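> Right, I'll just put the structure down here and ask away after.
The values are calculated or read from the model by the stated rules, or taken from the named source; none is laboratory data. Being a predicted model, the structure only gives us computed values, none of them experimental. For neighbour counting, all protein chains shown are included, and Cβ atoms are generated from backbone atoms with ideal geometry for every residue, glycine included.
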Ligand code: GLN
């Protein structure tokens, strides 16, 4: 079977299972099996797979057809142009979270050598993307899951930022040894009743997604801890879900009556990032 035939067959099977971006996923999994990049794959689509490659590809497509996300099959996911290790102990980084990183980079220009805290770091995507783009920053990255932090540690080493990213296990802001200039958070915010609609459900850790009845359990608890751990001139950037803007901005305005609150929509027009600045 040639590369082209393998790709076509995999794509058809995935389309039949209503898997979005079937062509892209077929390609991603084949590149993973062949250990080659995109350009190498397309230089010669008529090249034959070895029987062993064919078998491995078949096996990974089977896993994908059973619903397992390709990021867990390959053990990798790209975020902010950076390659991250992932496994079933961490949430798979979402493209919309890149907005959180972009906004944090913009705000960081107001601080010299900022101390940033990333709450709910998971495999470390936000913390490490910030560390790589803000060479003068230091980052405290917190997660309640030790298993998630083990993955974050691998990613810190992979990207050589272990000297500037401190990994702390514990509940939200609790483990932070000192107040931060910038606090950034992507907490679980999916409403419990909507969890079955998340298409990676059954594979991703519910701990990273489940925000309780209205999706705001973790965000509320986090906001009430903020005052202690944010510097007087600090700012907050937090990811939220569909329809959560009012509740979250009201909550923050109640806690920080003089703070300046802003909401930034993602590329789909969904209010996705809430920003709070205490200095202006
Ligand atoms: N955006 C994710 C989803 O809808 C949720 C991530 C989160 O809860 N922080 O799948």
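> Just for the range 178-219: of the residues that are away from the ligand (no atom under 11 Å from the Cβ) and within 21 Å of residue 104 (Cα to Cα), which one is nearest to the chain's Cα centre (by Cα)?
184
> Quick test of your reading of the structure: residue 201 fulfils all but one of (1) surrounded by fewer than 17 Cβ atoms within 10 Å (Cβ to Cβ); (2) in contact (Cβ under 8 Å) with a residue 12 or more places away in the chain. Name the failing condition by number.
Looking at each condition in turn, residue 201 falls short on (2).
> Oh, and also: Of the numbered conditions (1) out of contact with any helix residue (DSSP H, G or I) (no Cβ under 7 Å at 6 or more places or on another chain); (2) buried (at least 18 other Cβ atoms within 10 Å of the Cβ); (3) more than 18 Å from residue 142 (Cα to Cα), residue 230 satisfies every one except a single condition; which is it?
It fails just one condition, (3).
Here is a yes/no grid of residues against (1) free of Cβ contacts under 8 Å to residues at least 60 places away in the same chain; (2) touching a strand residue (DSSP E or B) at 6+ places or on another chain (Cβ under 7 Å); (3) assigned to a loop (DSSP other than H, G, I, E, B):
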{"site": "132", "(1), (2), (3)": "yes, yes, no"}
{"site": "142", "(1), (2), (3)": "yes, yes, no"}
{"site": "153", "(1), (2), (3)": "yes, yes, no"}
{"site": "157", "(1), (2), (3)": "yes, no, no"}
{"site": "162", "(1), (2), (3)": "yes, no, yes"}
{"site": "166", "(1), (2), (3)": "yes, yes, no"}
{"site": "176", "(1), (2), (3)": "yes, yes, yes"}
{"site": "181", "(1), (2), (3)": "no, yes, no"}
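> Would a scan of the range 242-254 turn up a residue that is within 10 Å of the ligand (Cβ to nearest atom), under 16 Å from the mean Cα position of the chain (by Cα) and on the phi < 0 side of the Ramachandran plot?
No, that holds for no residue.
> On to the next question. Could you list, in sequence order, the residues of the range 171-196 that are within 20 Å of residue 87 (Cα to Cα) and modelled with pLDDT of 95 or more?
Passing the criteria: 186, 187, 188.
> Considering the range 3-34 alone, what residues qualify as being over 20 Å from residue 52 (Cβ atoms), within 24 Å of the chain's Cα centre (by Cα) and in a helix (DSSP H, G or I)?
Passing the criteria: 22, 23, 24, 25.
> Given the criteria more than 16 Å from the chain's Cα centre (by Cα) and either crowded, with 23+ Cβ neighbours inside 10 Å or away from the ligand (no atom under 16 Å from the Cβ) (or both), does residue 175 qualify?
yes
> For residue 128, are the conditions met, namely being more than 16 Å from the ligand (Cβ to nearest atom) and either part of a helix (DSSP H, G or I) or under 23 Å from residue 171 (Cβ atoms) (or both)?
Here the answer is yes, as residue 128 does meet what is asked.
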